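Have a look at the structure below, then the notes.
Rule-based calculations on the coordinates, nothing more; no lab input. What you see is a predicted model, and the numbers here were worked out from it, not measured in a lab. Ideal geometry is used to build each Cβ from the backbone, glycine not excepted, and the neighbour counts take in all protein chains shown.
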Amino acid sequence: MKIVQIKSLVKQYQKGKIEIPALRGICLDVDRGAFVSIVGPSGSGKSTLLNLIGGLDQTTSGQIFIGDKDLTRMNRAELVHHRRNTVGMIFQSFNLIPSRTALENVILALAFADTPRKQRKKIASELLDRVGLSRRLDHKPGELSGGEAQRVSIARALANRPVMLLADEPTGNLDSQTSKEIVSLLKTLNKEKKVTVLMVTHEEELANQVSHRIIHLLDGKVDREESLENFP
């Protein structure tokens, strides 16, 4: 079953009177429960593609179906619901609130989704335990290592039980060993929780180790695809 279907997707940015193409008619789909990596050089459109799937940006033309819903036809309220409940975003720079603890950062995501107040601390604690941070609940981002901060952001992304995790260069600010640990965690979540993962990365070697499929982008187009293991 397809969870993402993208049809003739175009994204252009305006710089003065000049139109700068970021995506040039991309067509692709993603199976539900798959781990898909999107790789390519800087400027190839990787992050733009992920932001469009996440509802963080608007298309110029084309369609993005998440399940049977066309993201390009959603109104503002529907897009907010999509970002809060359908996808979980993981960023290279973590995007944690510096003044709040690990536990509070995850609780805040639950609050935005109207999770009952009495349940928030318990759910947040369980999620942080799931990513190996049960002893760091009361630490603020500045007191955590890069790998720990990224684990908090993964817990936060999982807070509202999304069907899909969108990871934009999740290992970009991490050393090689920590990068392996973070990607391994994403693979475990994909395998055990059946959550679909779309990961943008420059680290093709890591992508080869965990992905069902790799999509290579070049100049805003799909250059080629690789299937790395059988996937039903």
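I need the peptides 67-78, 85-96 ranked by packing, meaning the mean over residues of other C-beta atoms within 10 angstrom, with the highest value on top.
Descending mean neighbour count gives 85-96, 67-78.
Between VAL163 and HIS202, 0.36 nm times their residue separation minus their Cα-Cα distance comes to what?
Between VAL163 and HIS202, full extension yields an extra 11.6 nm.
State whether the range 45-160 is rounded, prolate or oblate according to the following rule on the C-alpha gyration tensor (a ≥ b ≥ c being the square roots of its eigenvalues): a/c under 1.5 gives rounded; otherwise a/b larger than b/c gives prolate, and the remaining case gives oblate.
Verdict is prolate for the range 45-160.
Set the Förster distance to 41 Å, then compute FRET efficiency between ILE18 and LEU108 from the Cβ-Cβ distance, nearest 0.05.
0.55
Anyone know which of ASP57, ASP114, ASP168 comes out most mobile in the 10 Å Cα GNM of the chain?
With Cα springs under 10 Å in the chain, the top fluctuation among ASP57, ASP114, ASP168 is at ASP114.
For a quick check, take a GNM of the chain with Cα springs below 10 Å and name the residue from ALA111, ALA157, ALA102 with the largest mean-square fluctuation.
Largest GNM mean-square fluctuation: ALA111.
State whether the range 124-181 is rounded, prolate or oblate according to the following rule on the C-alpha gyration tensor (a ≥ b ≥ c being the square roots of its eigenvalues): a/c under 1.5 gives rounded; otherwise a/b larger than b/c gives prolate, and the remaining case gives oblate.
Since a/c reaches 1.5 but b/c is at least a/b, the shape of the range 124-181 is classed as oblate.
If the viscosity is 1.306 mPa s and the temperature 10 °C, what Stokes-Einstein diffusion coefficient in µm²/s follows for the range 109-232 when Rh is the Kirkwood radius over Cα pairs?
The Stokes-Einstein estimate is 100 µm²/s.
Mind putting a number on the dipole of the range 1-121 about its Cα centre? Charges go on the C-beta only, +1 for Lys and Arg and -1 for Asp and Glu, and I need it in Debye to the nearest 20.
The calculated dipole for the range 1-121 is roughly 280 debye.
Give me the extension gain from GLU181 to THR60: residue separation times 0.36 nm, minus the current Cα-Cα distance, reported in nm with one decimal.
Gain in length upon complete extension: 39.9 nm.
List the GluC sites (Glu not before Pro) within the range 164-232 that DSSP assigns to loop and that have no more than 11 neighbouring Cβ atoms inside 10 Å.
Within the range 164-232, the qualifying GluC sites (Glu not before Pro) (loop, at most 11 other Cβ atoms within 10 Å) are GLU229.
Do any trypsin sites (Lys or Arg not before Pro) in the range 148-225 lie in a loop, going by DSSP, with at most 16 other beta-carbon atoms within 10 Å of their beta carbon, and if so which?
LYS194
Considering only C-alpha atoms, what is the centroid distance from the range 163-232 to the range 80-126, in Å?
23
In whole angstrom, and with the biggest value first, how far do the Cα coordinates of the range 29-109 range along each principal axis?
Taking max minus min along each principal axis of the Cα atoms, the range 29-109 gives 40, 34, 27 Å.
By the gyration tensor of its Cα atoms, with a ≥ b ≥ c the square roots of the eigenvalues, what is the shape of the chain: rounded for a/c under 1.5, prolate for a/b over b/c, or oblate?
The shape class here is prolate.
How about LYS2: which lysines have a C-alpha closer than 27 Å to its C-alpha, ignoring those fewer than 8 places off in the same chain?
Here the lysines satisfying the reach criterion relative to LYS2 are LYS11, LYS46, LYS69, LYS187, LYS191, LYS193, LYS194, LYS221.
Give the percent of DSSP beta bridges with both residues in the range 103-232 that are antiparallel, rounded to the nearest 5.
55
So if I place +1 on the C-beta of Lys and Arg and -1 on the C-beta of Asp and Glu, and nothing else carries charge, what would the dipole magnitude of the chain be about its Cα centre? I want it in debye, nearest 20.
In total the dipole reaches around 940 debye.
In the chain, what % of DSSP beta bridges are antiparallel (nearest 5)?
Roughly 55 percent of the DSSP beta bridges within the chain come out antiparallel.
What is the order of LEU198, LEU186, fewest Cβ neighbours within 10 Å to most?
LEU186, LEU198
Tell me what the chain gives for mean residue ellipticity at 222 nm when only DSSP H runs of n ≥ 4 count, each as -39,500 (n - 2.57), the sum divided by the residue total, rounded to 500 deg cm²/dmol.
Result for the chain: -10000 deg cm²/dmol, rounded to the nearest 500.
Taking the Cα centre of the range 161-232 as origin, sum charge times position over the Cβ atoms of Lys and Arg (+1) and Asp and Glu (-1), and report the length of that vector in debye to the nearest 20.
Once rounded to the nearest 20, the dipole reads 500 debye.
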